[in-house]
Structures are given as C-alpha cells and as structure tokens.
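Below: the structure, in structure tokens.
FYI, it's all coordinate maths here, none of it is from the lab. Because the structure is predicted, anything quoted here is derived from the model rather than measured. Every residue, glycine among them, receives a Cβ derived from its backbone with ideal geometry; neighbour counts consider all protein chains shown.
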C-alpha cells in the first residue's frame, strides 16, 4: 500500500433466503471455517464474525441467519438478530443462487433492504459453477432488475471463482477507517460457541430431515489436560421430545457415536489439539417457543 493510499475497514453482511450459500461464502472469503454449513435451511443461528485482513483493508463479515417467516419464538429472535445486524453494517450483499429462479422470497428480502439506507448494496450471484454461462447471464440480468446496485458480481465459493474479485470490491466500497481487529485474527466468535456449532453441524449432517430444527447444543466444559496432550470437551445436545432423543442416540448408541466421531474431527481442527468429546442428550420440551429455555440456550 502506498503512503498516501487510504485504508478501508468496516462491516459486511450477506443476506438471502436460507441455504443460498451465505455461510460457505463467508468461509471462502476468510479462508478458514468460521460458519457451519449444511444443505438444511436455517443452519446459521448467530451473527458470526469472520475477519479478512489485507494490507489495504479489513473486512468484518457478519454471517446472519436467513431471513424467513418465523413459526416459533426462536424464528422471531433469529429475524431480530438479522435486523439488528443489518442496521449497523456498512455493506449488505444480497445472495441470489444461480441454480434457482429469483422468486417471491428474494423479492421480499430485496424490499426489506430499503430499511437500511446507511448501507451500500451489492448483489452476489452464488453457486455460479452450477449453471451454464447463458443461465448465469440471465440471473445477472434478473438481479439487475431488482434495484440499482452498487455492484453485481457472480461467485463460486466452492471453485473459488471471483472470490478475490469480491474481496477487492468489498474493500473498495468500505469506508476509510483504521483496522477494527488485530492483524491475524480470523474471528471474534467465542470458543465455546464455535464448538457447539461444530457439534450441531454434525447433527445436521447425520440425522433425519425434520429433526435439526429442534436441536441445540450447549458446551458444558472445555478442559485442556495438564500435559497438553488432549482437551476434554463435554457438551449437551438438546431436543424437544423423547422420540427425538431416541433418534439422536440411535440403536445401541450408534448415531450418537457417529455424531461424536464427526464432531470430534472438526473440533480438533479448530483447537489444534487432540480432543476427547463426551456428548449427552437432554429433552427440554418445546424449547424453541419458551422464552426461559431460549435464554438458557443463548438466544
């Protein structure tokens, strides 16, 4: 960076319908797994910050839950998280998947963006690797008809196409500002929250379609052993009904073992140490609609 060049820094949030690739895009930009991903809708439940630090700028990515019409108190609170986040960011990117038609849900979210006049608005066509060039061109045209955007850009988080170009774009449109976080920091998410999310990701990958919406995870204890060889992690998987508890545990504990094996690998990658992971399953009836239970679970 030249001596007279300005440094740019600020907050960026990607929005869109559930499962349009917001978390995958966040991870691709940061270059590290910050947000969990899944093909299941409503995977993200917290506003997660990933940090991209460069010589000329710093991008703080705030990954939010997908905007949706809520059916539970949890759903309402997730929407509240989105609204509170968007009111404070400098740039909002509406994610539109290339492999789906722009529909009523996309138009609804696009209209909602009028509530945030402080933000620079860009359109990001995700999953560009999944369609032909002609189809991609059509989606870009449809995106341009939604509103006047500061920029429209197609990206492939999986293939890496245009990820660097999107990073350049975000730095360019952010305000002049000093760094907001120390160089080398990739997230400000608390360790226990990241661990709980990695465990929940393993549940999302392995259990039945309808169950994941009723699952939460609480980390009870994280204890490095004195010799540094191992970290003990104790966590509780919370469900709403006894029948769901049976699904999570599985026949003779087979499902819980599979969840534990999958989650342990992810937690080890995050902590950089071998992990002993002990999982417990607890029933808290209708926790998604209970203010008391939601408070206990951090929502």
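If you restrict to DSSP beta bridges whose two residues both lie in the chain, what percentage is antiparallel, to the nearest 5?
Counting DSSP beta bridges with both partners in the chain, the antiparallel share is about 35 percent.
Could you list 287, 149 in order of exposure, starting from the residue whose Cβ has the fewest other Cβ atoms within 10 Å?
Fewest to most other Cβ atoms nearby, the residues stand as 149, 287.
By the gyration tensor of its Cα atoms, with a ≥ b ≥ c the square roots of the eigenvalues, what is the shape of the range 128-221: rounded for a/c under 1.5, prolate for a/b over b/c, or oblate?
Because a/c hits 1.5 or more and a/b fails to exceed b/c, the range 128-221 counts as oblate.
Against the longest principal axis of the chain, how steep is helix 191-206, in degrees 0 to 90 to the nearest 10, with axes from Cα atoms?
Relative to the chain, helix 191-206 is tipped by roughly 80 degrees.
Any idea how far apart residue 107 and residue 192 come out in nm if each label point goes 7 Å out from Cα toward Cβ?
The two pseudo-label positions are separated by 4.6 nm.
Return one number: the angle in degrees, 0 to 90 and rounded to the nearest 10, between the long axis of the Cα atoms of helix 254-271 and the longest principal axis of the Cα atoms of the chain.
Around 50 degrees separate the two axes.
Take every DSSP beta bridge with both residues inside the range 147-299 and express the antiparallel ones as a percent of the total, to the nearest 5.
Bridges in the range 147-299 that DSSP calls antiparallel: roughly 45 percent.
Between the range 153-209 and the range 77-112, how many Å separate their Cα centres?
Here the answer is 17 Å between Cα centres.
Provide, in order from the shortest bin, the percent of all Cα-Cα pairs of the range 179-242 in each 5 Å bin, continuing until the bin that contains the maximum pair distance.
Once binned at 5 Å, the Cα pair distances of the range 179-242 give 4, 14, 20, 16, 17, 13, 9, 5, 1, 0.
Under a point spin-label approximation (7 Å from Cα along Cα-to-Cβ), what is the residue 99-residue 144 distance to one decimal in nm?
Each label point lies 7 Å from its Cα, and together they span 2.6 nm.
Please work out the ratio of the alpha-carbon Rg of the range 185-287 to 2.2 N^0.38 Å and round it to two decimals.
Working it through for the range 185-287, the quotient is 1.07.
Return the single residue from 156, 258, 243 with maximal mean-square fluctuation; model: Gaussian network over the chain, springs between Cα atoms under 10 Å.
243
Arranged by the count of other C-beta atoms within 10 angstrom, fewest first, what order do 130, 187, 26 take? Walk me through the numbers on the way to the answer.
Details: 130 15, 187 21, 26 28.
Result, fewest neighbours first: 130, 187, 26.
Given points 7 Å out from each Cα along the Cα-Cβ axis, report the residue 269 to residue 252 separation in nanometres with one decimal.
3.0 nm
Taking a label point 7 Å from the Cα of residue 278 along the Cα→Cβ vector, which residues of the range 224-244 have an amide N closer than 16 Å to it?
Correct set: 224-226, 230-237.
Shape verdict for the range 107-264, please, from the Cα gyration tensor: rounded (a/c under 1.5), prolate (a/b greater than b/c) or oblate.
Working: a/c = 2.40, a/b = 1.66, b/c = 1.45.
Verdict is prolate for the range 107-264.
Evaluate the relative contact order of the chain (contact order divided by residue number), counting alpha-carbon pairs under 8 angstrom at least 6 apart; express in whole percent.
Numbers: 563 pairs, mean separation 53.0, N = 299.
18 percent.
Could you tell me whether the range 106-175 comes out rounded, prolate or oblate from its Cα gyration tensor? Rule is a ≥ b ≥ c as square roots of the eigenvalues, rounded for a/c under 1.5, then prolate if a/b exceeds b/c, otherwise oblate.
oblate
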